Amino acid sequence: MQTIILIIFLIFSLLIYYINNIFIISSLFLITLLSLIILKIKLKGFKHLLILTLITVIINLFFLDINSSILIGLRLFIIYFLTLIICNYMSCQDISNSLSNLFFFTKKKSSIKIIIAISLSLIPILIDEVKNIKNTLISKNFAFSFKNILKRPNIYLNTYLNNIFIRIKELEKTLTSRNY
C-alpha cells in the first residue's frame, strides 16, 4: 500500500508541472494546505521556503508573465506540502522499503533498501552539520550572513565539505565493519 502511495506521489509531483490552469493549481494548493491543517502537520522550514519561492517568482517575472510566475510558486508550495504529508505518513524505513519495491527487476532489494535508508538518514546529519559549522564560524567572529558567504565561500564550503567527507568516511567504516 505504501509503495502505491509513493508511486502516486511521484506521478502527481511530475504531472503538477503540466497543469497550466491557475484555478486548478490554486485549488490544489488550497487542498494541500487544508490537508496539512487537518492532519496537524507542522510546517518545518517554511520561512526559508517562502523566501526561496518568492525569489524564484521574482526572477521568473523578468522572463515570464505574472501568471506563469505565480504558477511556478504555487507548484513549489504544493510539492513542499505533499512532501511534508508523505514524510509524516511514512517513516524513513517505509520510504526505503517502498522505493526498493520499485526495483523489482533486481535480486538485491535488501542492498537497495539499505542504500536508500542510509541516504535518507544522512539528510538530518547534514543539516546538523550545517548548524554546527554556522555556530563554530560565529564563535570565531565570522559574521555569518548570506553576503559574507558569497564574498568568501571558501571559508564556509571548505569547512562544510571537510566535515561531510569525515562523516561519510565514518559511515563507510561502520558499514564495512557490518559487512554491507
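What follows draws every value from the coordinates through simple rules; no lab data is involved. Treat the numbers as computed from the prediction; the structure is a model and nothing was measured. All Cβ positions, even for glycine, are placed from backbone atoms using ideal geometry, and neighbour counts span all protein chains on display.
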Next on the checklist: Take the residue pairs K47/K173; K44/K108; K44/K107; K131/K173 and return only those whose Cα atoms are more than 27 Å apart.
Outcome noted: K47/K173; K44/K108; K44/K107
Checklist outcome for this item: Among S100, S91, S27, the residue with the largest mean-square fluctuation in a Gaussian network model of the chain built from Cα contacts under 10 Å is S27
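Suppose a student asked you for the relative contact order of the chain, using Cα pairs under 8 Å spaced at least 6 residues apart; what percent would you report? Each step should come with its number before you reach the end.
Details: 89 pairs, mean separation 38.6, N = 180.
21 percent.
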Checklist entry - Got a sec to turn the phi values of the range 147-152 into Karplus ³J(HN,Hα) couplings, 6.51 cos²θ - 1.76 cosθ + 1.60 with θ = phi - 60°, whole Hz, x for Gly and Pro? => result 4, 5, 5, 6, 5, 10
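Please give the peptides 145-152, 124-131 ranked by average Cβ packing (other Cβ atoms within 10 Å per residue), highest first, as a rough proxy for protection.
Working: 145-152: 10.4, 124-131: 12.2.
Highest-to-lowest ranking by the protection proxy: 124-131, 145-152.
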Checklist outcome for this item: Which of N163, N141, N97 fluctuates most in a GNM of the chain (C-alpha springs under 10 Å)? That residue is N141
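Work out the FRET efficiency for K108 and V130 from their Cβ-Cβ distance, taking R0 = 30 Å, and round it to the nearest 0.05.
On the way: r = 33 Å, r/R0 = 1.09.
Calculated value: 0.35.
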Item to check | Packing-based exposure ordering (other Cβ within 10 Å, fewest first) of T56, T176, T159 | outcome: T176, T56, T159
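Take the Cβ-Cβ distance between I37 and I138 as r, set R0 to 45 Å, and report the resulting FRET efficiency rounded to the nearest 0.05.
On the way: r = 35 Å, r/R0 = 0.79.
Taking R0 as 45 Å, the efficiency between I37 and I138 is 0.80.
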